[in-house]
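Heads up: the structure comes next, in structure tokens.
The values are calculated or read from the model by the stated rules, or taken from the named source; none is laboratory data. Since we're looking at a predicted model, the values are computed, not measured. Positions of Cβ are backbone-derived with ideal geometry, glycine not excepted, and every protein chain shown enters the neighbour counts. Note: accessible area is taken over every heavy atom of the protein model, side chains too, but ligands, DNA and RNA are not part of it. Shrake-Rupley method; radii C 1.70, N 1.55, O 1.52, S 1.80 Å.
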Amino acid sequence: MDEAASIEVLCVDKTGTLTRNELKVTAVRPMPGFNESHVLGLAALASSDGGQDPVDAAIRSAASQVLASDLPRLSKFVPFDSATKMSEALAVDPGGAAVRAVKGAFAAVIGLTQPSPDASAIANQLEAQGFRVLAVAVGPPEVMKLAGIIALSDPPRADSAALITELRALGVRTVMVTGDAPATAAIVARAVGLDGAVCPPGPIPDGLHPEDFAVFAGVLPEGKYNLVKAFQKGGHTVGMCGDGANDAPALRQAQMGIAVSTATDVAKSAAGIVLTKPGLGGIIASVKEGRVTFQRILTYALNSVNKKTVQVLFLAVGLVMTGHAILTPMLMVIIMLTGDLLGMSLTTDNVRPSPTPNAWRIGELTIAGVFIGIAELIFCTAVLVVGKFYLGFGIEALRTLAFVLIVFGNQATTYTNRERQHLGSARPSRWLIGSSVVDLATASTLATCGIAMTPLPILVVGGTLVAAAVFAFILDFAKVPVFKRLRIA
């Protein structure tokens, strides 16, 4: 989850993530010498039977409704290859001659046939309408003819635009990475709110920044890996969506690999997150949960640095001021127990997700923790001075006062540390409030009743509690500009 909290760039596939993954044949444009049923029949011949490929399923469904005669008889099927962007069938025509039927991306299939300006114009027109365009070719392996063009539609998901807007509000830049033609990808991108330039097919440009392009079209699986590397080279934390075995390298390379709900087992094993539902909803939930977890860990780290700072330095101050150890081993044990109870309850605290992607800045975190610790040290020292020089306490009473100061001071700093803004921005959880009540009641009872320590007057204990509350509010106003300057948010 820590990786999900830090994602700055999210690379998402078009089909099934931004769209419904409900492909259907919308238009068939046969070339001279062929008809629609023949084109669909040849395309079905080069499609897997019973597989999970939505393109093949859509082709076979459309072909079953317009049966064609005189189709070649299948002898061997070659599944879709993402490198060539084609699938094919080796078959025998009614005359007994060996033929090859190929179905795939228009740019790939047209390269096997004679150039056709009319076919290119039809393909461009269909792509401009947002359709996914496939071409079908047939003939002897050496001399193939373009049989026709098939347009498939896959409408955007109803929630895609809103979810992309929510990701943008969380500081996550979303880019579309697809193998479809640039024109088709651009139409879908605009429909879901991805505004920006389309990167032309080809090698990934050097010095790439996420803001340069909103869409990367015509991308092969190895291109996805290169894209992730390019973003990471620019210092960005990348999330990558994928579904196929060929996406595994990119999923493994990304800081957060995300396998979609229909992904293969290989893709799922390479990913850090496996979605159970289509769409971006699961990704947003992961980002928010990761940021909540990050905030809880950040609060715990601040408390740890703060407490170590104040306890070590306060022991030294007490030794200089009194000439004796200001805390006995028994008092140290009680302080540890009360502190552990409060620390464990923080795991249930109500936390708001970070407004922007998170990053561990250990130096700044340490400075903030030491700042809080020094502030608590000043508070504890000031009250200890009052106890020694104004109230005239002896060493045993000062030890009890030191115990009460550390417990009450830790309560104050815990509540200031849990908020990146002012106190009251988020209501504490019931467990945190309950543990605070138990800690304060335990420390006050032990101090006033003299259990395991010299008793203190109840007015002194109560006055120390009020002083700690005032200290918390003063520290709260001082810490906000410090946290802002140190980029702790």
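Working only within region 89-110, note down all residues that are under 29 Å from Pro155 (Cβ atoms) and either in contact with a Lys or Arg (Cβ under 7 Å, 6 or more places away or on another chain) or surrounded by fewer than 21 Cβ atoms within 10 Å (Cβ to Cβ) (or both).
Gly104, Ala105, Ala107, Ala108, Ile110
I'd like to check something: does region 308-318 contain any residue that is open to solvent by 10 Å² or more (accessible area, probe 1.4 Å), closer than 30 Å to Arg168 by Cβ and among the hydrophobic types (A, V, I, L, M, F, W, C)?
No, region 308-318 contains no residue that is open to solvent by 10 Å² or more (accessible area, probe 1.4 Å), closer than 30 Å to Arg168 by Cβ and among the hydrophobic types (A, V, I, L, M, F, W, C).
What tally of residues in region 21-43 results from selecting those that are within 38 Å of the chain's Cα centre (by Cα) and of a type in the set (Lys, Arg)?
Matching residues across region 21-43 total 1.
Considering each residue of region 13-72, count those that are of a type in the set (Gly, Ala, Ser), assigned to a loop (DSSP other than H, G, I, E, B) and open to solvent by 50 Å² or more (accessible area, probe 1.4 Å), and give that number.
Adding up the residues that qualify gives 3.
Being in contact (Cβ under 8 Å) with a residue 60 or more places away in the chain and open to solvent by 70 Å² or more (accessible area, probe 1.4 Å) is true for just one of Arg399, Arg427, Arg418. Which residue is that?
Arg427
Tell me whether region 324-331 contains one or more residues that are open to solvent by 70 Å² or more (accessible area, probe 1.4 Å), in contact (Cβ under 8 Å) with a residue 12 or more places away in the chain and farther than 21 Å from Tyr300 by Cβ.
Yes: one or more hits.
Being under 19 Å from Ala98 (Cα atoms) and within 41 Å of the chain's Cα centre (by Cα) is the filter here; which residues of region 44-75 pass it?
Result: Ala44, Leu45, Ala46, Ser47.
For residues that are among the small types (Gly, Ala, Ser), out of contact with any Leu (no Cβ under 8 Å at 6 or more places or on another chain) and crowded, with 21+ Cβ neighbours inside 10 Å, tally how many sit in region 153-188.
Total meeting the criteria: 3.
Does at least one position in region 210-227 carry a residue that is without any contact (Cβ under 8 Å) to a residue 60 or more places away in the chain, open to solvent by 70 Å² or more (accessible area, probe 1.4 Å), outside any helix (DSSP H, G or I) and in contact with a strand residue (DSSP E or B) (Cβ under 9 Å, 6 or more places away or on another chain)?
Within region 210-227 (the criterion being without any contact (Cβ under 8 Å) to a residue 60 or more places away in the chain, open to solvent by 70 Å² or more (accessible area, probe 1.4 Å), outside any helix (DSSP H, G or I) and in contact with a strand residue (DSSP E or B) (Cβ under 9 Å, 6 or more places away or on another chain)), the answer is yes, since at least one residue qualifies.
So in region 256-298, with the set limited to residues that are in a helix (DSSP H, G or I) and of a type in the set (D, E, K, R), which one is farthest from Lys229 (Cα to Cα)?
So, considering only residues that are in a helix (DSSP H, G or I) and of a type in the set (D, E, K, R), the one farthest from Lys229 (Cα to Cα) is Arg296.
Within region 312-368, which residues are under 30 Å from Gly235 (Cβ atoms), in a helix (DSSP H, G or I) and either among the basic types (Lys, Arg) or out of contact with any helix residue (DSSP H, G or I) (no Cβ under 8 Å at 6 or more places or on another chain) (or both)? Before you say what the answer is, go through the steps one by one.
Within region 312-368, the subset under 30 Å from Gly235 (Cβ atoms) is 351-368.
Cutting the leftovers down to in a helix (DSSP H, G or I) gives us 362-368.
Ile362, Gly363, Glu364, Ile367, listed by residue number.
In this structure, is Ala83 within 30 Å of Arg190 (Cα to Cα), part of a loop (DSSP other than H, G, I, E, B), open to solvent by 30 Å² or more (accessible area, probe 1.4 Å) and among the hydrophobic types (A, V, I, L, M, F, W, C)?
yes
Mind listing just one residue for me: the one in region 242-255 that is open to solvent by 20 Å² or more (accessible area, probe 1.4 Å) and outside any loop (DSSP other than H, G, I, E, B) and, of those, nearest to Val228 (Cα to Cα)?
Ranking the qualifying residues of region 242-255, first place goes to Gln253.
Tell me, yes or no, whether region 435-448 has at least one residue that is surrounded by 21 or more Cβ atoms within 10 Å (Cβ to Cβ), over 17 Å from Ile326 (Cβ atoms) and within 39 Å of the chain's Cα centre (by Cα). Write out each step before concluding.
Of region 435-448, the ones surrounded by 21 or more Cβ atoms within 10 Å (Cβ to Cβ) are 435, 439, 443, 446-447.
Still in the list and also over 17 Å from Ile326 (Cβ atoms): 435, 439.
Checking the rest, the ones that are also within 39 Å of the chain's Cα centre (by Cα) come to 435, 439.
Yes.
I need the full set of residues from region 111-139 which are surrounded by fewer than 21 Cβ atoms within 10 Å (Cβ to Cβ) and within 30 Å of Ala248 (Cβ to Cβ), in order please.
The answer is Gly111, Leu112.
Would you check which residues across region 285-301 are surrounded by 19 or more Cβ atoms within 10 Å (Cβ to Cβ) and within 15 Å of Glu3 (Cα to Cα) and list them? Let's see the steps before the verdict.
To start, the set of residues in region 285-301 that are surrounded by 19 or more Cβ atoms within 10 Å (Cβ to Cβ) comprises 286-287, 290-291, 294-295, 298-299.
Within region 285-301, Ser286, Val287, Gly290, Arg291, Phe294, Gln295, Leu298 qualify.
Does at least one position in region 360-373 carry a residue that is within 22 Å of Ser304 (Cα to Cα), acidic (Asp, Glu), open to solvent by 20 Å² or more (accessible area, probe 1.4 Å) and touching a residue at least 40 places away in the same chain (Cβ under 8 Å)?
There is at least one residue in region 360-373 that is within 22 Å of Ser304 (Cα to Cα), acidic (Asp, Glu), open to solvent by 20 Å² or more (accessible area, probe 1.4 Å) and touching a residue at least 40 places away in the same chain (Cβ under 8 Å).
Counting just the residues of region 103-126 that are under 39 Å from the mean Cα position of the chain (by Cα) and without any contact (Cβ under 8 Å) to a residue 60 or more places away in the chain, which one comes out farthest from Pro140 (Cα to Cα)?
Residue satisfying both the conditions and the ranking: Gln125.
If only one of Ile406, Ile488 is under 18 Å from Lys307 (Cβ atoms), of a type in the set (Val, Ile, Thr) and not in a helix (DSSP H, G or I), which one is it?
Ile488
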